[in-house]
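The values are calculated or read from the model by the stated rules, or taken from the named source; none is laboratory data. Values in this document were obtained by computation on a predicted structure and should not be read as measured data. FYI the Cβ positions are ideal-geometry reconstructions off the backbone, even for glycines, and counts take in every protein chain you see. Ligands, DNA and RNA are stripped out before the accessible areas are found, and what is left, the full protein with its side chains, is counted by its heavy atoms. Shrake-Rupley method; radii C 1.70, N 1.55, O 1.52, S 1.80 Å.
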Amino acid sequence: MKSAIQTAQGWLAGLILLVSLAATSRAQPQAAALSARPPKLRALILSGAGEQDWRTTTSWLRQLLVDSGRFEVRVNEAPVGISAASLAGFDVVVDDYSGPRLGSEAEDALEAFVSAGKGLVVTCGGLAATAGTASRDQTWPGLARLTKATWPTNAAGVTAAPFRVFDLKVVRPEHPIMQGLTPNLQTADQTAQGLVLLPGAEILATTDLANPLLFVSASGAGRVFCTALGHDLGSMQEKVFITTFLRGTEWAASGKVTLPAEIAAPGPETNAVRVLVITGGHDHEASFYGLFTGYRDLGWVAVTDSKLAFQEDIRGKYDVLVFYDFTRDLEDKGKKNLRDFVESGKGIVVLHHGILNFQKWPWWYEEVVGGLYRLERQGTIPNSTVKFGETHLITPAGEHPITAGLGSFHIADETYKGLYISPNITPLLITDNPTSDRTVAWIGPCATSKVVFIQLGHDHTPFRHPAYRTLVHNSILWTAGKLK
Ligand SMILES: [Zn+2]
């Protein structure tokens, strides 16, 4: 019979063996995975000026690159200061800049960076710089040398291309960027017109009308990828744009492509606010929907009719309703469903002409929104008035999470004056413009739900304004109870 000590020693030895075996078996695959994953490529996005809506496009490009897991990304919004030293740490420069010339030090540094064997990606916004819209003297000839392209049209010609849905025609399916991509991918964009390619440019894909869209070239030992896709933020949500932009950037940075042949826009986070955006009954620009794109904390769908929206009980489906429609009246069933939603303590955001809604439903405009655009004279009270293209100086009316960090800002927009405004609202923003009522955004008097009204929001000018975008985003988060 073994002694207790011998047994314990045997047991201990066995345990040590087991532990070390477990450690070895765990360590091996981990080490294998680490060596299989290539180090991240270092990308620098140049931005900060240009005709395009660079604030939103650049932040979207940055998010795409980061979310791909393949890149470490920095953004430079003052690229006039770049030098050989500041570019030294990067594998690829993504040019989303089309402002004034950068000056010879920055321009020479960029050309030397690429010829030394690094990568350059030029976006649709960046390519616009080759157009030399303001004055031919302002065009940097080095950019045409790098991209092998010029855009000899004026700005109006560039932006006047119609928005449409078309099939991408892949011309070089064997190129690493295009390998494995489905042929005839459909996308929606405002396609480039009038781009002229110079000798040395290799076209990878065109529109159905054979206009060049994706092209590459060599510059010294470096690689250049140009994309004329992604005219605006909406087009940049398209799978074709995302896939080719990411693969093109990887190729320019490294000469190889490891990213998948199909990459969709990153979906909303699992706990994102569920938003129903209601339009219809009033004209608006398609760019309105850009207000909700690019935010991972929003999961949104649009419905083009208030009557359709409230056909059923939607309390379980959405956290926040955004009204950008004009609906004169709802049937009893619709009224009940909307009322149930409001009374269940959800969020309501009313934008711009949404204040015209439900002219004969005092519960809505007196107790929920706290305001109404009077379409008709009411006794001695005249109807409300509207004026297009007014300049505002907007100032926060006090401290509130929705306007935190905003400060005052200038904006050109349509003004409303002579609205019915409840005495029970809490002002958020005031204006100095005499064609407008003084209060232009407020918290509604609703006792059960959080309600925000923002008078601004007629067209792309506010839609692109960073302060307006922040206001709408913050209002959605706050009415959903997510902004304290
Ligand atoms: Zn309007």
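For region 41-254, the square roots of the Cα gyration tensor eigenvalues, ordered a ≥ b ≥ c, give a/c below 1.5, which places it in the rounded category. Against the empirical 2.2 N^0.38 Å (N residues), the chain has a Cα radius of gyration ratio of 1.21. Stretched out straight at 0.36 nm per residue, the stretch from THR304 to GLU269 would grow longer than its current Cα-Cα span by 10.1 nm. Counting only protein heavy atoms and a 1.4 Å probe, the chain has 45 square angstrom of accessible area per residue.
Averaged over residues, the count of other Cβ atoms within 10 Å places the peptides 374-383, 284-293 in the sequence 284-293, 374-383, highest first. Sparsely packed loop sites in region 385-416 (the chymotrypsin sites (Phe, Trp or Tyr not before Pro) outside DSSP H, G, I, E and B with at most 11 other Cβ atoms within 10 Å) do not occur. Take the Cα of GLU285, step 7 Å toward its Cβ, do the same at LYS40, and the gap between the two points is 3.5 nm.
Long hydrophobic helices in the chain: the complete DSSP H runs spanning 18 Å or more by Cα along their own axis with mean Kyte-Doolittle hydropathy of at least -0.5 are 4-36, 54-67, 239-254, 466-479.
Here r is the Cβ-Cβ distance between ALA447 and ASP67 and R0 is 35 Å; the resulting FRET efficiency, rounded to 0.05, is 0.30.
Give me the base-10 log of I(q)/I(0) for region 65-132 at each q in 0.17, 0.19, 0.22 Å⁻¹, Debye formula, one uniform scatterer per Cα, rounded to two decimals. Log10 I(q)/I(0), no solvent term: -0.63, -0.79, -1.05.
Each stretch of four or more DSSP H residues adds -39500 (n - 2.57); spread over every residue of the chain, this sum gives -8000 deg cm²/dmol at 222 nm. Note on region 273-479: along the principal axes its Cα atoms extend 47, 42, 31 Å, ordered by decreasing extent. What you get for region 195-299, charging only the Cβ of Lys and Arg (+1) and of Asp and Glu (-1), is a dipole of about 360 debye around the Cα centre. Here LYS40 is the anchor, and the aspartates and glutamates within straight C-alpha reach of less than 14 Å, apart from those fewer than 8 places off in the same chain, are ASP67, GLU72, ASP91, GLU250. Pairwise inverse Cα distances across region 222-266, averaged and inverted, put the Kirkwood hydrodynamic radius at 10.9 Å. Could you work out the local net charge near VAL224, counting Lys and Arg as +1, Asp and Glu as -1, over the other residues with Cβ closer than 13 Å to its Cβ? Counting the neighbours of VAL224, the net charge comes to +1. Taken one residue at a time, the phi angles of region 349-364 give Karplus couplings (6.51, -1.76, 1.60, θ = phi - 60°) of 10, 10, 10, 6, 5, x, 6, 7, 5, 6, 4, 10, 10, x, 3, 5 Hz. Gly and Pro are set to x. Both radii come from the Cα set of region 381-484: Rg as radius of gyration, Rh as Kirkwood radius; their ratio Rg/Rh reads 0.95.
Here the peptides 450-458, 262-270, 94-102, 341-349 are ranked by packing, the mean other Cβ count within 10 Å, and the order with the highest first is 450-458, 94-102, 341-349, 262-270.
In summary, the aspartates and glutamates within cross-link reach of LYS387, defined as a Cα separation below 17 angstrom excluding same-chain residues under 8 places away, comprise ASP283, GLU376, ASP413, GLU414, ASP432, ASP437, ASP459.
Rg ratio for region 229-301: its Cα radius of gyration over 2.2 N^0.38 Å, N being its residue count, equals 1.37.
What length, rounded to one decimal in nm, is gained on full extension from THR385 through to THR182, with 0.36 nm per residue of separation minus their alpha-carbon distance? That works out to 67.8 nm of additional length.
What you get for the chain, charging only the Cβ of Lys and Arg (+1) and of Asp and Glu (-1), is a dipole of about 1260 debye around the Cα centre.
Pull out a ≥ b ≥ c, the square roots of the eigenvalues of the alpha-carbon gyration tensor of region 304-405, then state rounded if a/c is under 1.5, prolate if not and a/b is larger than b/c, and oblate in the remaining case. Since a/c reaches 1.5 but b/c is at least a/b, the shape of region 304-405 is classed as oblate. Note on GLU202 and ASP108: with the Förster distance fixed at 35 Å, the Cβ-Cβ geometry gives a FRET efficiency of about 0.90.
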